1. Go through the range 51-70 and give me each residue that's away from the ligand (no atom under 16 Å from the Cβ) and touching a strand residue (DSSP E or B) at 6+ places or on another chain (Cβ under 9 Å).
2. In this structure, does residue 48 turn out to be buried (at least 23 other Cβ atoms within 10 Å of the Cβ) and more than 27 Å from residue 198 (Cβ to Cβ)?
3. Do we find a residue being surrounded by 15 or more Cβ atoms within 10 Å (Cβ to Cβ), within 25 Å of residue 226 (Cα to Cα) and in contact with a strand residue (DSSP E or B) (Cβ under 9 Å, 6 or more places away or on another chain) anywhere in the range 74-88?
4. Being away from the ligand (no atom under 12 Å from the Cβ) and touching a residue at least 40 places away in the same chain (Cβ under 8 Å) is the filter; apply it to the range 119-132 and report the residue that is surrounded by the fewest Cβ atoms within 10 Å (Cβ to Cβ).
5. Output the number of the condition that residue 201 fails; it satisfies all remaining conditions of (1) surrounded by 13 or more Cβ atoms within 10 Å (Cβ to Cβ); (2) at pLDDT 95 or above; (3) within 18 Å of residue 154 (Cα to Cα); (4) out of contact with any helix residue (DSSP H, G or I) (no Cβ under 6 Å at 6 or more places or on another chain).
6. Considering each of 139, 152, 171, 163 in turn, give the residue that is over 15 Å from the mean Cα position of the chain (by Cα) and more than 16 Å from the ligand (Cβ to nearest atom).
7. So which residues in the range 27-39 are free of Cβ contacts under 8 Å to residues at least 40 places away in the same chain and surrounded by 18 or more Cβ atoms within 10 Å (Cβ to Cβ)?
Ligand SMILES: [Zn+2]
């Protein structure tokens, strides 16, 4: 349909992250942490090709968000890759394919507060997740049917700041991490330093995901329609626990009518259309 805006998390975990947002005329990816074969086959399922992408937006330098051979494929197809200036030198240093994209004018540094691609306004916002040069979420807005439709994606956050909450507020669709269950993390065999890193500057627990959503809803004029819980740890969490925790947080505050969806490490989640 002409004015519909769709979102699909193609896959999300510490092994790979990529989300597609598209309408009838424009398609973009947030991150490209999967092989070109996987991304191409998932796009084909949606009736799209890699060459249809108007841009790929990188959140941060960690290896589960950038797949070098996918970057090479994007270069071949002349698809531009966008990133905030703070992470650009780190991306070029870590990924030779991105250095090559830069030489070919295909690595675009976002110099203003937002990028306009056809009908999409794409706005990066910084999140505290620890990564060289920083880490960013993205909000995508699209004016349709006399109102603005908005999707926000933040698969790595650590904790919500006032600014993050403000950027995500009034989204129709929110893709947010619900990384770990506190007890499962404590009981895991992970080293103490890693547990601390995950808790303090890495990721949101299920409880923190629920709390962050409540803060976002509190700042919003309208309720989000759908939530997708992403980056669910395979070792220290389950989709069932993540869903249960966020639904319970919304219920406790008398918030109803929001669909909450799971995502998967190795297959796409549900396509959410608003
Ligand atoms: Zn990360």
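The values are calculated or read from the model by the stated rules, or taken from the named source; none is laboratory data. Nothing here was measured: the structure is a model prediction, and the numbers come from that model. So basically every Cβ, Gly included, is an ideal-geometry build from the backbone, and we count neighbours across all protein chains shown.
1. Hits for the range 51-70 are 52, 53, 54, 55, 56, 70.
2. No; evaluated as a whole, the condition is false for this residue.
3. No; the residues of the range 74-88 include none that is surrounded by 15 or more Cβ atoms within 10 Å (Cβ to Cβ), within 25 Å of residue 226 (Cα to Cα) and in contact with a strand residue (DSSP E or B) (Cβ under 9 Å, 6 or more places away or on another chain).
4. Going through the qualifying residues, I end up with 119.
5. Every listed condition holds for residue 201 apart from (2).
6. Being over 15 Å from the mean Cα position of the chain (by Cα) and more than 16 Å from the ligand (Cβ to nearest atom) holds for just one of 139, 152, 171, 163, which is 163.
7. 27, 29, 33, 34, 36, 38, 39
Conditions (1) out of contact with any strand residue (DSSP E or B) (no Cβ under 8 Å at 6 or more places or on another chain); (2) assigned to a loop (DSSP other than H, G, I, E, B); (3) crowded, with 20+ Cβ neighbours inside 10 Å, marked per residue:
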| position | (1), (2), (3) |
| --- | --- |
| 175 | no, no, yes |
| 196 | yes, no, no |
| 212 | no, no, yes |
| 234 | no, yes, no |
| 240 | yes, no, no |
| 244 | yes, no, no |
| 248 | yes, no, no |
| 261 | no, no, no |
| 264 | no, yes, no |
